[in-house]
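Data block below; observations after.
The values are calculated or read from the model by the stated rules, or taken from the named source; none is laboratory data. Keep in mind that what you see is a predicted model, and the values were worked out from it rather than measured. Cβ placement follows ideal geometry from the backbone for every residue including glycine, while neighbour counts extend to all protein chains displayed.
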Amino acid sequence: MIRSLLTKKSSIQKKYFVLKYLIMFSVLFFPHSNAFCQEIENFDLPSIIRGGKLYDNWLAFVPKEKQHLISKVRKSHPSYPKNSKQNGITTWRCKECHGWDYKGVSGAYKTGSHYTGIIGIDKYTGRKTDEVMQILRDSTHKISGDMISQENAKSLAAFVIAGQVEMDDYFKPGTSKIDGNANRGKPFFQTLCSSCHGLDGRLINFSVKINEYEFLGSIGKKNVWELIHKIRNGQPDEKMISLRALTLQQQKDIVAYIQTLPDKP
C-alpha cells in the first residue's frame with residue numbers, strides 16, 4: 001500500500017512538473033493569451049470589452065455634456081502623418097493608426113489607404129496600466145480627460161494590456177484563409193447575430209454613401225480583421241454583444257460563415 005501511495009505521489013509530481021513547464025512555455029511563446037493576461041493583471045472582462053469598443057471609436061463614448069468639445073477634433077489629428085490618405089475626425093480613432101489587427105505598419109496597414117507607418121499596440125500586451133495611460137495622455141496622442149474619462153482610459157488600457165488577440169491564429173498557417181468551418185458557424189450566426197443583421201447579413205447597410213452598399217458579407221471578405229475585432233468586442237454605441245465567451249474555434253467558424261454571405265443587394 002505504501003509503495004502504491006509513493007508511486008501515485010511520484011506520478012502526481014511528474015504531472016505537476018510537466019504542467020509547470022507547459023505554462024512557462026505558453027507564457028513565453030503565446031503572450032497574447034487572454035486567459036494568461038487577465039489572470040496576471042486581474043482585469044475584469046466587461047472593462048476589457050469596453051476598452052475594445054473605445055479602441056474602435058472612443059468618440060462614441062464622449063458624454064453628452066461634453067460633446068461640444070468634439071468640434072476640437074474635426075480636423076485631422078496633429079500627429080497623423082501629413083502624407084497619409086485619411087483626414088478629419090477618423091484620424092483620432094486608435095484603430096486608424098494602429099490597425100484592426102493591432103500591428104500597425106507591421107500588419108494589414110503596411111500598405112493601402114490606411115498606411116501611416118505607425119507601429120502597433122501589440123508590443124504593449126502585458127504592460128502596466130499606468131504606463132499605457134501615460135502614453136494615451138502624452139503629447140503625441142493628445143487625448144485629454146475631457147475627451148476620454150479616467151475610467152474609460154483605464155478600460156482602454158485594459159484592452160491594450162490584456163484584450164488583444166493574435167489575429168494570425170484565425171487563419172490557416174501561411175495563408176489568408178480563415179481556419180473555420182462555415183457549417184459549424186451557421187447556427188451561431190443565426191441565433192446570435194441574425195436578429196440585427198438578418199439571416200443573410202443584409203439587414204444593415206453600413207455604407208455612408210448614397211446608392212452604395214456594404215453588408216456584413218462585404219466586411220467579412222474585405223476587412224476580416226475589423227470583423228474579428230467587432231465579434232470579440234461589439235460595436236460602439238450599439239447593443240451588439242461581445243462573443244468573447246465563445247472559443248477561438250467557434251469565433252473562427254462564425255467568421256467563415258459570414259464570409260459566405262452575399263455582399264450585393
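Structure notes:
- Any chance Thr175 is surrounded by fewer than 16 Cβ atoms within 10 Å (Cβ to Cβ) and either among the aliphatic types (A, V, I, L, M) or part of a loop (DSSP other than H, G, I, E, B) (or both): yes
- Search result, residues across segment 135-169 that are in a helix (DSSP H, G or I), closer than 21 Å to Gln251 by Cα and not hydrophobic (A, V, I, L, M, F, W, C): Asp168, Asp169
- Selection of segment 96-123 for residues being farther than 18 Å from Asp168 by Cβ and out of contact with any Gly (no Cβ under 7 Å at 6 or more places or on another chain) yields Glu96, Gly112, Ser113, His114, Tyr115, Thr116, Gly117.
- Lone unmet requirement of (1) under 17 Å from the mean Cα position of the chain (by Cα); (2) within 17 Å of Leu156 (Cβ to Cβ) for Tyr109: (2)
- Filter result for Ile135 (closer than 25 Å to Phe43 by Cβ and more than 18 Å from the chain's Cα centre (by Cα)): yes
- Condition met for Lys128 (farther than 21 Å from Val224 by Cα and surrounded by fewer than 18 Cβ atoms within 10 Å (Cβ to Cβ)): yes
- Subset of segment 206-244 that is among the small types (Gly, Ala, Ser) and at pLDDT 95 or above - its residue that is farthest from Lys95 (Cα to Cα): Gly217
- Test result for Lys85, of a type outside the set (Ser, Thr, Tyr), farther than 23 Å from Arg127 by Cα, surrounded by fewer than 18 Cβ atoms within 10 Å (Cβ to Cβ) and under 25 Å from the mean Cα position of the chain (by Cα): yes
- Residues that are β-branched (Val, Ile, Thr) and either out of contact with any Phe, Trp or Tyr (no Cβ under 9 Å at 6 or more places or on another chain) or free of Cβ contacts under 8 Å to residues at least 60 places away in the same chain (or both) within segment 126-156 comprise Val132, Ile135, Thr140, listed in sequence order.
- Restricting the search to helices (runs of 4 or more DSSP H) fully inside segment 33-133 and requiring at least 2 residues that are at pLDDT below 95 gives 34-41.
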